[in-house]
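Notes follow once the structure below has been shown.
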Amino acid sequence: MRFIKEIIERRKLIYELTRRDFQTKYLGSYLGILWAFVHPIIYIVILWFVFQLGLKSKPVGNFPYILWMLTGIIPWLFFSECLGNATNAIVDNSFLVKKVAFRVGLLPIVKILSSLTIHLFFIIVIFLIFIAYGYPPNIYNLQVFYYLFSTLLLLLGLSLFSSSLIVFLHDVGQIINMILQFLFWMTPIVWSADILPPRLHTLIMLNPVYYLIEGYRSAFIRKVWFWEDHCLWTLYFWAVTCFILVAGTIVFRKLRLRFADIL
């Protein structure tokens, strides 16, 4: 509760740090902040070209493959970028860590909020593309914000854990990148889980990222409320997320006293 209270009290500082982080990433390039949107668009186009035109991927259900893929790849890009950036939040801002009055725990949040700006833009893109294909907005779309909130909490727990460990073990950054590559192909983002036998499908569902990806698809494609779609699965996701959040907070609190000495 104290942490939440401090976030509210220092909202102006968080806003300024988020704006600075967003601008610094693309400072000095000709296109500037536009690169934040160009890179994901190019990546999405490449995947669409490979899987739909190259591998002849068929529509999933009654929906074109491009719509099905978009609702998976956009939340994934947000998740992977956030975790990668937030992992380096402490190391990249060592000058702030050494300031006694600065709350170090805000740094991973700043990285997450910086990526959130881009993600909100691409959520709007999803709406526009669905409308272009003849699928107008509906009430089920609103639950995308529930899954976005779920993603933010999972990311906060993971980033508190990884950002504190990387200060002492620099290999953590490479490990996170490897895990993200593994998760991308092991999560039904560009391929459908329906091709799996029931046992493997159940195993894949243990991945909390799968819950988030399928959640976006529930909001835009399947039109199922999250409390109706595998209630036990939802309980499992929140149990895992709460555990990661608590564990990440404990690890971060125990290690932060040594951040300034190591950096």
Point to revise | Gain on full stretching of the segment that runs from residue 238 to residue 49 - 0.36 nm per residue minus C-alpha separation | key: 64.5 nm
Check your understanding: Taking 0.36 nm per residue of separation and subtracting the Cα-Cα distance, what length does fully extending residue 203 through residue 246 add?
Key -> 13.0 nm
Review point. Any idea what the relative contact order of the chain is, in percent, if you count C-alpha pairs under 8 Å spaced at least 6 apart?
Key: 25 percent
Review point. What is the count of Lys pairs in region 2-262 whose alpha carbons sit under 23 Å apart, if the two are 8 or more places apart or on different chains?
Key: 17
Check your understanding: How large is the charge dipole for the chain, taken about the Cα centre, if only the Cβ atoms of Lys, Arg (+1) and Asp, Glu (-1) carry charge, to the nearest 20 debye?
Key -> 620 debye
Check your understanding: Taking each full run of DSSP H in the chain as one helix, which ones are at least 18 Å long along their axis (Cα atoms) and have mean Kyte-Doolittle hydropathy of at least -1.0?
Key -> 35-48, 65-87, 106-132, 144-165, 172-186, 231-255
**Study point:** Cβ-based net charge around residue 152, under 14 Å, with every Lys or Arg adding one and every Asp or Glu removing one
**Key:** 0
Exercise for review: Provide the gained length on full extension for the span residue 124 to residue 192, in nm with one decimal, where the gain is 0.36 nm per separating residue minus the Cα-Cα distance.
Suggested key: 22.1 nm
Review point. Packing-wise, with mean Cβ within 10 Å as the measure, how do 64-75, 181-192, 152-163 rank, highest first?
Key: 152-163, 64-75, 181-192
Point to revise | Other-chain or far-sequence residues with amide H under 5 Å of residue 60's (modelled H) | key: 65
Review point. How much space per residue, in cubic angstrom, does the convex hull of the C-alpha atoms of region 2-262 take up?
Key: 151 Å³
Revision key, fill the gap. Among region 130-174, those whose backbone N falls under 14 Å of a label point 7 Å along Cα→Cβ from residue 261 are 168
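Computed from the coordinates by the stated procedures, all read-outs in this text should not be read as laboratory data. All values reported here derive from a predicted model rather than from experimental measurement. Positions of Cβ are generated from backbone atoms using ideal geometry, with glycine treated the same way; all protein chains shown enter the neighbour counts.
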